[in-house]
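The values are calculated or read from the model by the stated rules, or taken from the named source; none is laboratory data. Every value quoted in this text rests on a predicted model; they were computed, and no experiment measured them. Positions of Cβ are backbone-derived with ideal geometry, glycine not excepted, and every protein chain shown enters the neighbour counts.
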Amino acid sequence: MQFDTPAATNPIDQLKVVGRPIHRIDGQLKTTGRAMYAYEWHDPNTPYAYGYPVGAAIAKGRIKSIDVSAAKKAPGVLAVVTTLDVGELKKGQFNTAKLFGGDRVQHYHQAIAVVVAQTFEQARAAAALVRVDYVVEKGAFDLEKAKDSAIEPAAKPGEAPPDTAVGDFDAAFASAPVTLDETYTTPDQSHCMMEPHASIAAWNGDKLTVWTSSQMIDWWRSDLATTLGIDKEKLHLMSPFIGGGFGGKLFLRADAVLAAFGAKAAGRPVKVALPRPLMANNTTHRPATIQRIRIGAGRDGRIAAIAHESWSGDLPGGGLETAVNQTRLLYAGAHRMTAMRLATLDLAEGNAMRAPGEAPGLMALEIAIDEIAEKLDMDPVQFRILNDTQVDPENPKRPFSHRNLIGCLEVGAERFGWSQRGRPGARRDGNWLIGLGVAAAFRNNLLIPSGARVRLDREGIVTVETDMTDIGTGSYTIIAQTAAEMLGLPIEKVAVHLGDSHFPVSAGSGGQFGGNCSTAGVYAACVKLREAIAQKLGFNSDDVVFENGEVRSGNRSVRLAEAAGSDGLVGEDTIQWGDLSETHQQSTFGAHFVEVGVDVATGESRIRRMLAVCAAGRILNPITARSQVIGAMTMGVGGALSEELAVDTRSGFFVNHDLAGYEVPVHADIPHQEVIFMDETDPMSSPMKAKGVGELGLCGVSAAIANAIYNATGIRVRHYPITLDKLIGGLPDVA
Amino acid sequence: MRAFTYERAPSVEAAAKAAASNPEAKFIAGGTNLLDLMKLEIETPTHLIDVNGLGLDQIEPTQEGGLRIGALVRNTDLAGHGIVRRDYGLLSRALLAGASGQLRNKASTAGNLLQRTRCPYFYDTNQPCNKRQPGSGCSAIGGFTRQHAVIGTSEACIATNPSDMAIAMRALDAVVETVKGDGSHRAIPIADFHRLPGDTPHIETVLEHGEIITAVVLPPPIGGRQLYRKVRDRASYAFALVSIGAVIQPDGTGRIAVGGVAHKPWRVEAAEAELPKGARAAAGILLSDARPTDHNRFKLDLVERTLGAVIAEARG
Ligand SMILES: Cc1cc2nc3c(=O)[nH]c(=O)nc-3n(C[C@H](O)[C@H](O)[C@H](O)COP(=O)(O)OP(=O)(O)OC[C@H]3O[C@@H](n4cnc5c(N)ncnc54)[C@H](O)[C@@H]3O)c2cc1C
Ligand code: SF4
């Protein structure tokens, strides 16, 4: 199905199943432990072996030799495969760092060997016996120092250019009566999903089956085939349940590669999970940024000039953290410029983490907006409303498909009691300094082709198959809702099978595109199935109605089970996107409101309550959508208050590489959270008229917290995370 | 984790003897620290002696009017014990500020006293660390040291002792009772129990190899307001950046022990004499020889401010 004109009224608009607060259809499997995650697949008749990875002990250099003699002799060891044994391997399209093979070490904890043994414990013990001789080379590990050597990378096809400019920023900024020019920093962050990267690989001749934990089945399949030098068709990949990804499982990782080599060497299926301490330095992370923002405004509060520059680093061949994305679109202003520069750093690969670009970009921009509003003596909600734009400010001929940022701000301010906000440092509750903060949320809506196959059987059951993944988001449920709506069935009559490379290629999970795109793909397949049913029955497909398990046309009606016949009927299609996202800017909007308390003595900041208001098209399921948003808000709390991969800039690695050192929020950090979805649809986005919310929920949260801390204390911190050491010098005397 | 043999000791004396005769042996109690370290091969005992079944899990009043806490009493049980809650509130509060409910259910009194540092370089076996591998160097010095010690440090090690419970024990003047391999007993005042790193940061206490802790004894209760204030980046399940255990009497005198700043619970009696004058005076003496790094200099201010809040709360 080609989607190139705005969606008209369609069966989804009935909203009998779609849009309803339906609990996860896979919820019981998960709460009872029956949902099988990658490492847990277990056929009692299969003699699995266990692989344990060895990570490089240096950040940059060459491996002279690897001595595996002791490891090979250790109890239970079946095989040891080193990066030198396998030689140079081709790199997958989506990987910057190589995952395995050859003698170059590009980053700390790069996989350099896998030890396979009969038990996990034996493999782990033997892995500690591998001795490696390195030649250490000097590397660059400090973004601040590398910043001046950062370059303007070539624009990648299909991606936004590093630089944009409209009007004459310099002149407009110079003549603006009120200006702001500040630099903000965001640290490297780790995905810290609950389930580690894990794979089981099983060879059968030259065919390979891999159970893994992947957000993007087809990307992984292609990249694993490339890395192993085998034909993609020989590779069967399965990832039906995933314990979180946050972007960390978008791209093929070392566990799958090591499992494949280990299984080949051991001659039996091998399980490999990345140990938690390897995760920070072996996989990808959200790269740190340095961001300079300049805003010039008139006394009337209108932005005249806005500039956002960002610096980030990555391994050679890597990419930018696109932190200026939102600034190109969020606020009006005739004179504007954005620029991004990329430094070379020899840390682990920087790559996508939930809301890449916008998440760190808004961490900076939305503090800057708070600052300029204050300089103008304006309420920051009002300032944002005043500077709203309904068109792409870099290209005013291009309207937004639908934009209700103002509504989010107004509803949120009302519901949150924004009017209680006082001057900085004015409110106190015992030992707590109390502050309120607000930030806008913004994340683009991305469109990726997505396919599905839908089968109707003689029991009247509809089975959906697509390689779409459910990383905890609720894909199973919204896909079932979509098929049920399209075929006039209750949700119990729909079975959903996901995450298998035998199924049609879908959008996958990432960039908050999965919900809208994958259901649109299911929609397209259901349209095909409806046609097949109508055709088989000789119905005119224009006037058929699917309702209550029946298909009707005029005064004829047939039960679906009957229509299916003994062979059943199948519809398969892929949604393809026209140019609606070029003619119209498609984005999602929101507003975050936060109340914090800052301990007047210690400077500990604790969240008291949070509200997110989201305008993100049709909400397909308010339960799963809310769950996405509150999870994202929680991540924003971590980003604001504690999360930072600490870089040892001497030897080049993230030091706090476990969950004791890298502090994500715990329950006690997250009190009252509320989410409001604006009632809206976006017919430009898809036949579902939905957009994404999973990343929107994170965008702006950290800045709202930073602004609330400022409101509580009068201390403006521009460097995340806002830990107490950054506040303590400015707090009132207590001794 | 290296392969190890395992035995359940029949008696305290047998446990001590077995351990003393095998330089590679270690006791295991709750295992919440030791097993983690063994998995990472930071600890590599080849023999474990399980001390859980030795009847060391009782809490009993002493003749002097104090409390004898068996070495195997779980942190949860200790924190919830009626007499502890009534007379040694500081201890109860310190315990509940540590770890999580699940961990406290397993963690023992002796194991808690002997838990090892949380220095991230200690945890990464690729990095030099004098505590893990004597003589290899200290990679924390000059590196990421936000959590590290500010006082009592050495050129060899700047790690902290992470225990919350030990801070309370220090302020309450607890005494550690042990049995050695030769069957002899001793009682070690908590002040002498933990060591500063000096040139031998791998030696953290005065215990001899094979010496088993049987109990920790609290002297008779001293009254006062007993407070434990743990300062950390998140609200729970994090080690202290700084913590203060305090017993403040109605006349403003009292005792304070500080966590998160040194290789042992930090208590300076001379600083306590300044308590009636307020936090600044007391903190000034407490930390007078501090040698912070750029990353952890904030702890000096933080100790003073937290102490101020604790004193205010005690008076309030
Ligand atoms: C995730 C996590 C978070 C934590 N957070 C905190 C926190 O916030 N605050 C805090 O204070 N602690 C915290 N801890 C540490 C926890 O308190 C300790 O792990 C626990 O107290 C150790 O007790 P255990 O009985 O399990 O000791 P084990 O692990 O069994 O033993 C520890 C050491 O003591 C020795 N030992 C045990 N018993 C005896 C004995 N009777 N005589 C002689 N030697 C003995 C062992 O040989 C070993 O060397 C945390 C731990 C974890 C894993
Ligand atoms: S501070 Fe101590 S524990 Fe940490 S690396 Fe240095 S020697 Fe090891």
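Taking the stated definitions as given, is A:Val136 farther than 30 Å from A:Tyr331 by Cα and surrounded by 21 or more Cβ atoms within 10 Å (Cβ to Cβ)?
For A:Val136, the condition - farther than 30 Å from A:Tyr331 by Cα and surrounded by 21 or more Cβ atoms within 10 Å (Cβ to Cβ) - is not met.
Hey, can you tell me all the residues within region A:636-652 that are at the interface with chain B (Cβ under 8 Å from one of its Cβ atoms) and closer than 19 Å to A:Gly61 by Cβ?
Scanning region A:636-652 gives A:Val647, A:Asp648, A:Arg650, A:Ser651.
Counting only residues that are touching a helix residue (DSSP H, G or I) at 6+ places or on another chain (Cβ under 6 Å) and of a type outside the set (Val, Ile, Thr), give me the strands (runs of 3 or more DSSP E) lying completely in region B:20-61 with at least 2 of them.
Details: elements: B:25-28, B:47-50, B:59-61.
Output list is empty.
Please tell me if B:Gly82 is surrounded by fewer than 20 Cβ atoms within 10 Å (Cβ to Cβ), more than 14 Å from chain A (Cβ to nearest Cβ), away from ligand 2 (no atom under 16 Å from the Cβ) and modelled with pLDDT of 95 or more.
Yes, satisfied.
Identify the residue in region B:85-117 that is touching a residue at least 40 places away in the same chain (Cβ under 8 Å) and within 12 Å of another protein chain (Cβ to nearest Cβ) and, among all such residues, is nearest to ligand 1 (Cβ to nearest atom).
Residue satisfying both the conditions and the ranking: B:Ala99.
Taking helices (runs of 4 or more DSSP H) that fall entirely within region B:86-150, which contain at least 1 residues that are acidic (Asp, Glu) and near ligand 2 (Cβ under 10 Å from one of its atoms)?
none
Can you say whether A:Met378 is assigned to a loop (DSSP other than H, G, I, E, B) and either β-branched (Val, Ile, Thr) or closer than 19 Å to A:Ser419 by Cα (or both), as far as the supplied structure shows?
Considered against the rule, which asks whether it is assigned to a loop (DSSP other than H, G, I, E, B) and either β-branched (Val, Ile, Thr) or closer than 19 Å to A:Ser419 by Cα (or both), A:Met378 comes out as yes.
Starting from residues that are within 12 Å of chain A (Cβ to nearest Cβ) and not in a loop (DSSP other than H, G, I, E, B), keep the ones in region B:275-294 and report whichever is farthest from A:Ala646 (Cα to Cα).
That would be B:Lys277.
With respect to B:Met1, determine if the residue is among the hydrophobic types (A, V, I, L, M, F, W, C) and either part of a helix (DSSP H, G or I) or within 22 Å of the chain's Cα centre (by Cα) (or both).
So B:Met1 does not fit the description; no.
Report whether or not B:Leu56 is over 18 Å from the mean Cα position of the chain (by Cα), within 14 Å of chain A (Cβ to nearest Cβ), touching a residue at least 24 places away in the same chain (Cβ under 8 Å) and within 13 Å of ligand 1 (Cβ to nearest atom).
no
Spot the failing condition for B:Glu155; the list is (1) closer than 24 Å to B:Ile244 by Cβ; (2) more than 8 Å from ligand 2 (Cβ to nearest atom), and only one is missed.
Unmet for B:Glu155, out of (1) closer than 24 Å to B:Ile244 by Cβ; (2) more than 8 Å from ligand 2 (Cβ to nearest atom): (1).
Give region A:600-623 a look and list any residue that's within 14 Å of chain B (Cβ to nearest Cβ) and either surrounded by fewer than 24 Cβ atoms within 10 Å (Cβ to Cβ) or part of a loop (DSSP other than H, G, I, E, B) (or both), or say none.
Hits for region A:600-623 are A:Val600, A:Ala601, A:Thr602, A:Gly603, A:Glu604, A:Arg606, A:Arg608.
Within 14 Å of chain A (Cβ to nearest Cβ) and surrounded by fewer than 24 Cβ atoms within 10 Å (Cβ to Cβ): does that describe B:Arg146?
Criteria met by B:Arg146.
Counting just the residues of region A:34-71 that are among the charged types (D, E, K, R) and in contact (Cβ under 8 Å) with a residue 12 or more places away in the chain, which one comes out surrounded by the most Cβ atoms within 10 Å (Cβ to Cβ)?
Step by step, filter region A:34-71, then rank; the result is A:Lys60.
Considering every residue within region B:171-187, establish whether at least one is aliphatic (A, V, I, L, M), out of contact with any strand residue (DSSP E or B) (no Cβ under 8 Å at 6 or more places or on another chain), away from ligand 2 (no atom under 16 Å from the Cβ) and more than 12 Å from chain A (Cβ to nearest Cβ).
no
Taking the condition of being within 11 Å of chain A (Cβ to nearest Cβ) and touching a residue at least 60 places away in the same chain (Cβ under 8 Å), how many residues in region B:295-316 meet it?
So the answer is 13.
Count, please, the residues in region A:31-62 that happen to be under 29 Å from A:Trp203 (Cα atoms) and not in a loop (DSSP other than H, G, I, E, B).
Final tally of qualifying residues: 10.
Could you please find all residues in region A:184-241 being within 24 Å of the chain's Cα centre (by Cα) and basic (Lys, Arg)?
A:Arg221, the sole residue that qualifies.
List the residue pairs whose Cβ atoms are under 7 Å apart, where the first residue sits in region A:1-28 and is assigned to a loop (DSSP other than H, G, I, E, B), the second is loosely packed, with under 12 Cβ neighbours inside 10 Å, and the two are 6 or more positions apart or on different chains.
Between residues of region A:1-28 that are assigned to a loop (DSSP other than H, G, I, E, B) and residues that are loosely packed, with under 12 Cβ neighbours inside 10 Å, the close pairs are A:Asp4/A:Asp579.
If I ask for residues that are away from every other protein chain (no Cβ under 11 Å) and not hydrophobic (A, V, I, L, M, F, W, C), which ones from region B:118-143 would you list?
Passing the criteria: B:Asn130, B:Lys131, B:Arg132, B:Gln133, B:Pro134, B:Gly135, B:Ser136, B:Gly137.
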